[in-house]
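Undergrad: First the structure, which I've put down as structure tokens, then a few questions once you've had a look.
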Amino acid sequence: MARPSDHTARVADSLLQIEIELRRLDAWETDPPPDEALQSTKPFAVDTLEFTQWLQFVFVYRMKVLIENGHPLPEVSGMAPMAEEHFRGRSEPGHSLIRELAEMDRLLSGQS
């Protein structure tokens with residue numbers, strides 16, 4: 001198997017940090033949502049999933065598949081602002097997750 005590029009390795013590390021933060025927030029779920037919920041065509045599946053569910057079952061899952069199969073990674077990402085909106089006014093602090101998502105945004109957009 002080909003060795004991943006440094007960029008891909010950094011993205012994989014960032015993905016792991018996102019998973020760790022979701023688990024720390026007790027937002028990592030063992031059971032996936034119904035298939036219908038995953039079929040949303042709206043950004044971040046806002047009509048069918050919580051943002052943290054979208055992160056786990058759509059973003060993290062798809063990114064792992066891309067990395068494991070050596071496919072090109074997305075070149076645009078804007079998850080940190082969505083996370084800020086999600087955590088605004090909630091009791092659980094999402095600062096660490098937002099920071100990890102901002103890092104992923106930078107990595108995917110080529111700014112780091």
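Undergrad: List the pairs whose first member sits in the range 1-26 and is under 13 Å from Leu73 (Cβ atoms) and modelled with pLDDT of 95 or more, whose second member is part of a loop (DSSP other than H, G, I, E, B) and open to solvent by 100 Å² or more (accessible area, probe 1.4 Å), and whose Cβ atoms are under 7 Å apart, counting only residues at least 6 apart or on separate chains?
TA: Listed pairs, sorted by first residue: none to list.
Undergrad: Further, regarding this structure: How many residues are farther than 19 Å from Leu97 by Cα and assigned to a loop (DSSP other than H, G, I, E, B) when one looks only at the range 31-63?
TA: 10
Undergrad: For a quick check of your reading of the model, give me the residue pairs whose first member lies in the range 64-77 and is in a loop (DSSP other than H, G, I, E, B), whose second is surrounded by 11 or more Cβ atoms within 10 Å (Cβ to Cβ) and acidic (Asp, Glu), with beta-carbon atoms closer than 7 Å and at least 6 apart or on different chains.
TA: Ser77/Asp105
The values are calculated or read from the model by the stated rules, or taken from the named source; none is laboratory data. All values derive from a computational prediction rather than experimental measurement. No Cβ is skipped: glycine too gets one built from the backbone with ideal geometry, and neighbour counts run over all protein chains shown. Accessible surface areas use protein heavy atoms only, side chains included; no ligands, DNA or RNA. Shrake-Rupley method; radii C 1.70, N 1.55, O 1.52, S 1.80 Å.
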